[in-house]
Every structure is written in C-alpha cells, then in structure tokens.
Amino acid sequence: MDKFTNDQKRIALALAGGPKTIDELNKGLGMPFDVLSKELKELLNLKLAVVEGYPSKYHLKKEIINEIKRRKEVSLDDSNPLRLKIIIDVQALVAEAATKSLNEVEKKLKADNDFTIYDIFKAEPIKHEEYFTSYLEINLSVKDFKSLVKLMYFFGPTSLEVLKPKKFEIPMSDLQDGLMDMAEMIQSYNMHILKSMRKDDLERFQRKMMS
C-alpha cells in the first residue's frame, strides 16, 4: 500500500469494508468523480482491484484486504508515538553483496524492539557504472527520540518522511539521553576520521572548517 497515492489509499480503505459503486465511493469519500475514475482505473491497471456486476461494483483483491487487516492488527499493538517512512541505500561491486547488505539491515531492524515494522519494500539491485545500487523503503514506528537517534546514526537513511504525529513532545529525560547518545556517536566518528587522516590532510581540513 505504500506505493498507493493518498487518494488510492482512501479508496482502498473504503473498499476494504466491501464492494462499492462509484456513486457510493463518491458519497462516502466526498471525492470528485473525475478523480475517482482516474484512481479506480489505476487500481485496476495495477491489478489491485476488480470491477464486477451491474451496477458495477469495485472490489479490492483478497491479498490487498489481508494486507490492510495485517497493518491494522500491527497498529493495535503498537504504542510507539513516531511513524516514519525511510529509505536506506546500499552500493556494492556485485549484486549479491548489495542484496546481502539489505538483508542484514532488514534483519537488524526487525530484531530491534525500539522499532515496529509495518512494511519493507526491497528493490532489485541495478548496475550504475561500476557499482550495483539498491534500497529498502521501510514504513515503521519508533519508540522515542533516543531510538530515533539510533535509527539515524546506525542505519543511515538517505531519506525520511514523518507520517505522524503532527506534533511531538519530548520528555526531558528522553531528550537528554538522546542528545548524550548523539554526542557520543559524533565524537566517536570524529575520532575515527581524525586518526585515519594524515597530518597535512588534517591541517587542510581544520583550515577549511575555520574559514
């Protein structure tokens, strides 16, 4: 469902309750007929829905209904306040290595109790010049600010979209712990970089930072 447009998601949720005519969808969703017709046609083209009978009624495919139900069950047990969609990119010299790297990331995310996974889409590796690139698109929730810091540092998403909430209040203890973890991670990374740089490279870097 993450590949749906917002209008398609609204239609899918409406159809999850049972088949409906375009008139019933218009009345229930308040969506203009031209938009409804366009989005329903796209759902049919994607083979996610079918239309049958007279008057014509639109149905969601069984697997789509099952996915909606699965996500609803996940959400009922999910108390995490932050819901995100992230993309994690990988790059490797061979396709198998890119796939293996994504599998390891997926395994670690699923094993971490600070995150609840709703959906993971894994792209097939594509060769670009001498490298194979691929990515994970993940819909997940996060326990707290400290866990968000961990997600950003250890998993390094290249893209992040906050799905909810519209407003987020951070308890002082969570803010303190998260910022301390962030400071420690940054210092550790800086020390690693500095140790790997030659003296002249380090001097040039410091001059650049000061200019």
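The values are calculated or read from the model by the stated rules, or taken from the named source; none is laboratory data. Note that the structure is predicted; figures quoted are calculated from it, not measured. Ideal geometry is used to build each Cβ from the backbone, glycine not excepted, and the neighbour counts take in all protein chains shown.
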Checklist entry - Can you tell me which residue in the range 78-100 is surrounded by the most Cβ atoms within 10 Å (Cβ to Cβ), limited to those that are within 21 Å of F132 (Cβ to Cβ) and free of Cβ contacts under 8 Å to residues at least 12 places away in the same chain? => result K100
Next on the checklist: For the range 107-133: of the residues being closer than 21 Å to L151 by Cα and among the basic types (K, R), which is surrounded by the fewest Cβ atoms within 10 Å (Cβ to Cβ)?
Outcome noted: K107
Checklist entry - If you take the residues of the range 48-75 that are among the acidic types (D, E) and within 20 Å of N139 (Cβ to Cβ), which of them is nearest to the chain's Cα centre (by Cα)? => result E67
Checklist entry - Applying the selection to the range 61-88, what residues are among the acidic types (D, E) and closer than 20 Å to Q8 by Cβ? => result E63, E67
Checklist entry - (1) in contact (Cβ under 8 Å) with a residue 24 or more places away in the chain; (2) more than 30 Å from I22 (Cβ to Cβ): which one isn't true of F121, the others all being true? => result (2)
Checklist entry - Out of the range 145-170, which residues are free of Cβ contacts under 8 Å to residues at least 12 places away in the same chain and over 18 Å from N113 (Cβ atoms)? => result K166, K167, E169
Next on the checklist: Tell me the residue from L43, L36, L109, L82 that is at pLDDT 90 or above and more than 24 Å from the chain's Cα centre (by Cα), please.
Outcome noted: L36
